[in-house]
Amino acid sequence: VTLGNNLRAMREKIVDSGREVIFATYWPSSPGACTQYSQSQFNLYQDHMRRLNQEITNAAEATGDTLVRLDDLFEIAKRPENYFDCLHPSSDGYELIARQWMDRYDF
């Protein structure tokens, strides 16, 4: 089962419930926050995140749903303290993401 199939199945359930579907890509990771990885491991991790973001983008484009691009939030990646761990932002990081989301999109 591919990520795209899972996204389509989730989307179908959301649409069936009468809700609007909004897809969002993952934000960039910070090498400073991902200290458990060597540089080559971090590069591989980033490659996987790019693939996931492409799957999310493809699913949104195929259905015409709103896509919130967070993968270009390079400001968050500049400061490791914006992360709780390699993937999850800290409260400061989530605040940056929320501000960007609200500034870019009229929700």
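The values are calculated or read from the model by the stated rules, or taken from the named source; none is laboratory data. Given the structure is predicted, the values throughout are model-derived calculations rather than measurements. In this analysis, Cβ positions are derived from the backbone assuming ideal geometry, glycine residues included, and neighbour counts consider all displayed protein chains. Surface accessibility is based on the protein's heavy atoms, side chains included, excluding ligands, DNA and RNA. Shrake-Rupley method; radii C 1.70, N 1.55, O 1.52, S 1.80 Å.
Taken per residue, the accessible surface of the stretch 23-75 reaches 55 Å², heavy atoms only and a 1.4 Å probe. Centroid-to-centroid, using Cα positions, the stretch 1-28 and the stretch 33-96 are 17 Å apart.
Rounded to the nearest percent, how much of the accessible area of the stretch 34-107 (1.4 Å probe, protein heavy atoms only) is carbon and sulfur?
Values: 2500 of 4800 Å².
Answer for the stretch 34-107 is 52 percent, counting heavy atoms of protein chains only.
Sorted from longest to shortest, the spans of the Cα atoms of the chain along the three principal axes equal 42, 33, 18 Å. From its DSSP helices (H runs of at least four residues, each -39,500 (n - 2.57)), the chain gives a residue-normalised ellipticity at 222 nm of -17000 deg cm²/dmol. Across the options 53, 84, 105, the greatest Cα extent toward the positive end of the charge dipole of the chain (unit charges at beta carbon of Lys, Arg, Asp, Glu) belongs to 53.
Distance between the 7 Å Cα→Cβ label points at residue 47 and residue 79: 3.2 nm.
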